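Below: the structure, in structure tokens.
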Amino acid sequence: MAMIRGHAVHTAARSGLFNCHGCRLLVRRPSADGQMLVRCPRCGTRLHLRKPNSIARTWALLIAAMIFYIPANLLPVTITTYLGSTQPDTIMSGVIFFMQTGSWGIALIIFVASIVVPIAKLIVLIGLLVSVQRRSHWRPAERTRLYRITELVGRWSMLDVFVVTVLVALVRLGYLTTIEAGSGVVYFAAVVVITMIAAMTFDPRLIWDALEKNDESPAH
Amino acid sequence: MTQTLIACHECDLIHRVQPLPENSKARCRRCGALLYAHFPNTIEWSLDLAITGLVLRVIANIYPFLSLESQGTVLETTIITGTIILSEQSMAGVAILVLLTSMLIPCILLGALVYVLWPMKLGHRLPANRRAFRLALTLRPWSMTEIFLLGILVSVVKLAKLATIIPGTALFSFLGLVLVLASINTFLAPQTIWEKMDEWR
Ligand SMILES: [Zn+2]
């Protein structure tokens, strides 16, 4: 049944139940509110009604990711030396290299994984945070699905980090050509890891809490 | 003890746990998130897959990944050489990240599953099995073998004009490992295993 806003909805939080993040066990919330540390009797995970400080932590991680995103794209990720001449490559010039050599499929894969996915992920997570903070009622199911896709796809940005590793390992000293890793790859790896953690820190249940009346929305 | 109620972890809606037809999954009726799955053989399948995965993982470590042939010399590469070279270039952080996501985390994940599921199949349990199972579930998004494999393919295309690249034994066992981990993601029904653990209480 579609749940219309304002009607009684049976959520775990409203029923006074913790939904364990580790094993999904529903645990009755102790009546005394002063309880600080409640652990799941089945798997030992710390219980919260909502992920603690979800909005502030996700914002902090996203801002850090945005800052790292700049050097990740401006600094070279690989430095190729061929017959004495050095050529630094950024993520984007790597994509252009594949386009020029006619490997359109590979160019597209790297472009999507290294440029489209991180930017889309930042935009989606910021959009979700703003919508939750404004207590938006707009299409909660679609926003939740968007979150789910973001969380699922984000890992694939690690692709370029792996490509650099394999290139560096294969093309070693002693050859006419050598490839070295550039510092851009450090920032890029940081962006991928930080945005993955940011997606995990965001609590999609906050999207649905906004549909309930203000005074009834649960605190963590 | 069977759990009768389950709450969606994405929208918090409570659902009554209903018996599912074999090999199917239940989704949240409000937001569509996965709630639970019913694979009658989830323990046996996941255990067999995890053991296979560990064997493949060992093979992938021993044999060379790729050989690069250029100007008459052959260079063989394993995952470890790649990370060693990265750390030599003062990229220790990235090297550790690559080592973790492509090697150590998949190993720990598979090892934790075997640790929990093998005794469970035989009707025993080992200490800290709940913690081990929770660890395996938490590590899932950080096991990136499939992305690493794609990374290898991209690098091979990039180097195709530079040298002849010969795929090694490890590459094929690594492909097997990717398939094994994908199957575990499909057939592992955590709710069934948690409930099985509850029977010990
Ligand atoms: Zn839901």
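In a residue-by-residue description of segment A:162-177, the property of being surrounded by 23 or more Cβ atoms within 10 Å (Cβ to Cβ) and at pLDDT 95 or above applies to no position.
Here are B:LEU86, B:LEU49, B:LEU54: which of them is more than 16 Å from the ligand (Cβ to nearest atom), in contact with a helix residue (DSSP H, G or I) (Cβ under 8 Å, 6 or more places away or on another chain) and either open to solvent by 40 Å² or more (accessible area, probe 1.4 Å) or under 20 Å from B:THR169 (Cβ atoms) (or both)?
Details: B:LEU86 fails: either open to solvent by 40 Å² or more (accessible area, probe 1.4 Å) or under 20 Å from B:THR169 (Cβ atoms) (or both); B:LEU49 fails: either open to solvent by 40 Å² or more (accessible area, probe 1.4 Å) or under 20 Å from B:THR169 (Cβ atoms) (or both).
After applying the criteria, what remains is B:LEU54.
Looking across segment A:91-116 at every residue that is of a type in the set (Val, Ile, Thr) and out of contact with any helix residue (DSSP H, G or I) (no Cβ under 6 Å at 6 or more places or on another chain), the one that is farthest from A:SER183 (Cα to Cα) is identified as A:THR101.
Here is a list: A:PRO76, A:PRO88. Which entry is touching a residue at least 24 places away in the same chain (Cβ under 8 Å) and open to solvent by 40 Å² or more (accessible area, probe 1.4 Å)?
Details: A:PRO76 fails: open to solvent by 40 Å² or more (accessible area, probe 1.4 Å).
Exactly one residue qualifies, and that residue is A:PRO88.
Kindly establish whether A:ARG24 is of a type in the set (D, E, K, R) and open to solvent by 70 Å² or more (accessible area, probe 1.4 Å). For A:ARG24, the condition - of a type in the set (D, E, K, R) and open to solvent by 70 Å² or more (accessible area, probe 1.4 Å) - is not met. If only residues of segment B:1-25 that are free of Cβ contacts under 8 Å to residues at least 12 places away in the same chain and either surrounded by 13 or more Cβ atoms within 10 Å (Cβ to Cβ) or within 14 Å of the ligand (Cβ to nearest atom) (or both) are counted, the one that is nearest to the chain's Cα centre (by Cα) is B:ALA7. Checked against (1) outside the structural domain of B:ALA189 (by TED's automatic domain parsing); (2) under 21 Å from B:PHE133 (Cα atoms); (3) in contact (Cβ under 8 Å) with a residue 12 or more places away in the chain, B:CYS28 passes all but condition (2).
The values are calculated or read from the model by the stated rules, or taken from the named source; none is laboratory data. Treat the numbers as computed from the prediction; the structure is a model and nothing was measured. Heads up, the Cβs are rebuilt from the backbone with ideal geometry, glycines too, and the neighbour counts pull from every protein chain shown. The accessibility values were calculated without ligands, DNA or RNA, using every heavy atom of the protein model including side chains. Shrake-Rupley method; radii C 1.70, N 1.55, O 1.52, S 1.80 Å.
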